[in-house]
Amino acid sequence: MTDIVAQIDQWVEGNREEYIKFLQDLISIPSPSGEEGDAASFLADKMNEFNYTTARVDALNDAMGTIKGTGGGRSFLLNGHIDHVPVGEMIDPYSGKIMDGEELGDHGEVIYGRAACDMKGAVAAMVLAGRAMNELGIRLKGDYMVAGVAFEEVGGAGTKSTIIDSQFLADVVLIGEATDMQLSLGHRGSMKFGVTVHGRACHASAPERGINALYKAMKMITKIKDELAPSTPVHPIYGKPSMAVTQITVSPEAYNVVPEECKFWIDCRNHPGFTANDLFQGLNDIIDELKADDPEFDATVIPTPLIEERSFSGFYTDPDENPVVGEVVEAITESYKEPRKGIWTFATDGRFYSHLGIPVIGFGPGEEEYAHTQRDHIRVQDYLDTIKVYVGLACKICGVA
Ligand SMILES: [Zn+2]
């Protein structure tokens, strides 16, 4: 292993300029969600050029490449999305230019551009790790697989398609979303619940004739904020769920009509100790309390598909139940530095694999706080070191033939 680490280190540093250029080229191809075609073809073409055993693009523009192992080892799949959020007011979003990090509130030399940190830096490193192994003649026992997926920012249709339509699966999965070079083992779940509050419309010039659904909704929202949200249980790994009322609409939408209906939405990031059923129950309890207090109060919780499908949409790869986490820590320590174990604040496509019972680990360059911002960038050295880490992980997980 020490030999390989030294070899890879030399290889990456020796090809620095070329590897930086590779990421700049990928950033220069716009790929907002739904328009990933050019970026996917670029990656598949490159994987073919780098002697991957197979590389192709599917109907949703997911790029998938495999370096076949010699047999007898675990397969290792690295997943990264190639779509990105809109560029907004970003200046030169597709320039991929090298900058002094200080200008962006960071330090050292950085590569700037939309998706640099979320997450073309990691995707480029995944593809180049395969190239490095091929060119250095490092043969693995298990398959090394890269999925550059589409539609992650809008729900995960790309990853789902690679799993369902292509059965592109492995024994261990890595998600390269930004972890700032630390180890991430999961994230909270995400739930969206709606509530419809019913009233009775009337002319706004005589509000006493109707029941103002907006006023009734205010009562319920106050209880959600002051009673339900603070009462959720703390989890040792995920902490406390977050809960926020984020959207509200009334009907009819007229300034001179007392609304007969008010609908609002709640975003909740939960853990296994506070499921969709718990939130559903909590909201219905509030409705019952308000009804007992006020005979005119009437509301319905809009059911979420989550309740039927799965009560927890996040995941956690528990080191106590998954010995591979220990091996992963060892490999990252050998090829880079000992990582801290944590979880992501946001959701990732890792949940799709974890829900199938596959151990999922997270490691990527870039910091969460720069994702989706006008300061989207990654540190050059972190990007290059990530290539080394991915090779180290592949050797550890797949085994060297
Ligand atoms: Zn992302």
### Query
Taking segment 102-156 on its own, how many of its residues are away from the ligand (no atom under 16 Å from the Cβ), within 19 Å of ILE91 (Cβ to Cβ) and either buried (at least 24 other Cβ atoms within 10 Å of the Cβ) or modelled with pLDDT of 95 or more (or both)?
4
### Task
Go through (1) under 28 Å from VAL85 (Cβ atoms); (2) touching a residue at least 24 places away in the same chain (Cβ under 8 Å); (3) open to solvent by 70 Å² or more (accessible area, probe 1.4 Å); (4) not aliphatic (A, V, I, L, M) and name the single condition HIS187 misses.
(3)
### Message
Criterion first (away from the ligand (no atom under 16 Å from the Cβ), under 27 Å from the mean Cα position of the chain (by Cα) and not in a strand (DSSP E or B)) does PHE193 satisfy it?
### Response
no
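For segment 271-389, which helices (runs of 4 or more DSSP H) that fit wholly inside it have 2 or more residues that are within 16 Å of the ligand (Cβ to nearest atom)?
350-354
When you check ASP376 against the structure, is it within 29 Å of GLY69 (Cβ to Cβ) and in contact (Cβ under 8 Å) with a residue 60 or more places away in the chain, yes or no?
Working: within 29 Å of GLY69 (Cβ to Cβ): no; in contact (Cβ under 8 Å) with a residue 60 or more places away in the chain: yes.
It is false that ASP376 is within 29 Å of GLY69 (Cβ to Cβ) and in contact (Cβ under 8 Å) with a residue 60 or more places away in the chain.
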### Task
Among the residues of segment 335-370, write down those that are open to solvent by less than 20 Å² (accessible area, probe 1.4 Å), among the small types (Gly, Ala, Ser) and under 12 Å from the mean Cα position of the chain (by Cα).
GLY350, GLY362, GLY364
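Does ASN61 satisfy the criteria of being part of a helix (DSSP H, G or I) and either open to solvent by 40 Å² or more (accessible area, probe 1.4 Å) or more than 22 Å from VAL391 (Cα to Cα) (or both)?
Working: part of a helix (DSSP H, G or I): no; either open to solvent by 40 Å² or more (accessible area, probe 1.4 Å) or more than 22 Å from VAL391 (Cα to Cα) (or both): yes.
Taking the combined requirement at face value, the residue does not satisfy it.
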### Query
Within segment 157-183, how many residues are in a loop (DSSP other than H, G, I, E, B), more than 21 Å from LYS396 (Cα to Cα) and more than 16 Å from the ligand (Cβ to nearest atom)?
3
### Query
From the list GLY362, GLY366, which one is in contact with a Cys (Cβ under 8 Å, 6 or more places away or on another chain) and not hydrophobic (A, V, I, L, M, F, W, C)?
GLY366
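The values are calculated or read from the model by the stated rules, or taken from the named source; none is laboratory data. Source: prediction; values computed, not measured. Positions of Cβ are generated from backbone atoms using ideal geometry, with glycine treated the same way; all protein chains shown enter the neighbour counts. Please note that ligands, DNA and RNA were not included when accessible areas were found on the heavy atoms of the full protein model with its side chains. Shrake-Rupley method; radii C 1.70, N 1.55, O 1.52, S 1.80 Å.
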